[in-house]
1. Loop-only check: which GluC sites (Glu not before Pro) in the stretch 170-230 are DSSP coil with at most 15 other Cβ within 10 angstrom?
2. How much net charge surrounds G202 when only other residues with a Cβ under 15 Å from its Cβ are counted (Lys, Arg +1; Asp, Glu -1)?
3. Using amide H atoms built in the peptide plane, which far-off residues or other-chain residues are under 5 Å from V66 H to H?
4. Quick one: if you stick a label point 7 Å off each Cα along the C-beta vector at N85 and Q120, how many nm between them?
5. Report the charge-dipole magnitude of the stretch 67-220 in Debye, nearest 20, computed about the Cα centre from +1 at each Lys and Arg Cβ and -1 at each Asp and Glu Cβ.
6. Just add up the charged neighbours of L99: K/R +1, D/E -1, any other residue whose Cβ is under 14 Å from the Cβ of L99.
7. Assuming R0 = 41 Å, what is the FRET efficiency of T168 and Q395, from their Cβ-Cβ distance, to the nearest 0.05?
8. Between beta-carbons, use under 10 Å as the cut-off and find the net charge around W226, counting Lys and Arg +1, Asp and Glu -1.
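Every number here is computed from the coordinates shown, using simple stated rules; none is lab data. The shown structure was predicted, so the numbers you read here are calculated from the model rather than taken from an experiment. Ideal geometry is used to build each Cβ from the backbone, glycine not excepted, and the neighbour counts take in all protein chains shown.
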Amino acid sequence: MDHVLEDAMVRELQYSLQGSYITKVFSVYFGGGTPSLARPHLIQKVLRGIQDVCDLDEGAEVTLEVNPTPSQTNKLHHFKAAGINRVSIGVQSLDNDVLRHLNRDHSVSDAVACINVAQQLFTGRVSLDAIFGLPNQTLERWRQDVRTIVNLCKDHLSLYQLTLEPGTQLYHQVKSGEVKVPCVDQLADMYEASVQVLKDIGLGRYEVSNFASNYSTQSRHNKAYWQASQYLGVGPGAHTRIVPRDQNRENTESGVVSNKDIYNKEYWQASQHLDVGPRAHTRIVPSDNINMGCTESGNLRRKNTPNLDNSLTDIIREARVNACDPVSWLREVGRKGTGVRKVEQQTRLDVASEYLASGLRSTDGVTEARWSVFLPQHTLYDIFSDRAKWLQQEQLIILSPEGMKVSERGLNVLDSILPHLLSMLVEKTNN
């Protein structure tokens, strides 16, 4: 059965690549579920599949998510031989009581062993995951857990707040009051404490939940999401973002793709990134216009959105979702080459809103140069200089003609800031 799933992933991958402008891939991420349970042969197949239809950058970042069990630790050298050059290890905690609450199938000693082996094989390219907001987790206990984890590996750390999944044992225990988890204020204290602990140790925050010892240990793949770069995902539940175009359109000297001046080369020739595995994410530029938001004449369809400048309603991208069930996904790929089940058109305003929400998560923020690719009609300064003055006065955001970013203090309360900024964007485009 392994080879059937592997062949389907490669087929969907190549089908999507061949139907896009993508000529070079700069990062590949094997994630979603537990990809390290797969055979190392899958890695070889996927990388070879990319090279058969386009160029895989010589320095491409190829990441594998790993669950630190002994069986998976023992396979790490095989994965390296297959082409993996970076790993993200789901440590979660170095407290056995916490791991038991999470029903993890590894112990603290298993995690330590995995980290040690990974550092020998992938020097400078090991990322660890840690979770806060857990049952019976105190502020001091969390501080100590962070210190212990980072002292084992200082390359990269990703922080996650516990999400209670309906249907799980922990979900029912919390809902019934049998188990208590930290309140909202305690969660905020835990996050801010971890930021300070990591800063003291030497890991800088380059995104709300990601910390690195230096620029070279930052995740190239994750940064592509925040910068709204193109990325292609394959597998069950993969989410897609594509920019539709007509095969017959000619590129002008100015680098514009269509006769409607909808998009320039900066977007569709931007860095390309690949996700493999369940719930992977995709942004590609397809080479056909079948069901992709274009009319037969090659012009863009427009959303029927009142009170908006017509140019803002140009359909410049589509959101697609693959079948989530592996059996259904496999059947769809076998039938038509891709597992796409749902397609939603996105306007310039939709795409700009996504970039605003994701870009402000990083310390690089949202740049005017990148913003103008999506929404050239309105500069960031034009939109926010007056409307967001109070956020500037509170020293939560930093706005200049070059772009907008959130301050260190603002990153701590980003979820409270974003709704205001998104509302301001809509208000401006409605006027």
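1. Those that pass, being in a loop and sparsely packed, are E178.
2. +2
3. S88, I89, G90
4. 2.2
5. Roughly 520 debye, rounded to the nearest 20.
6. The answer is -3.
7. Efficiency computed from Cβ-Cβ geometry: 0.55.
8. 0
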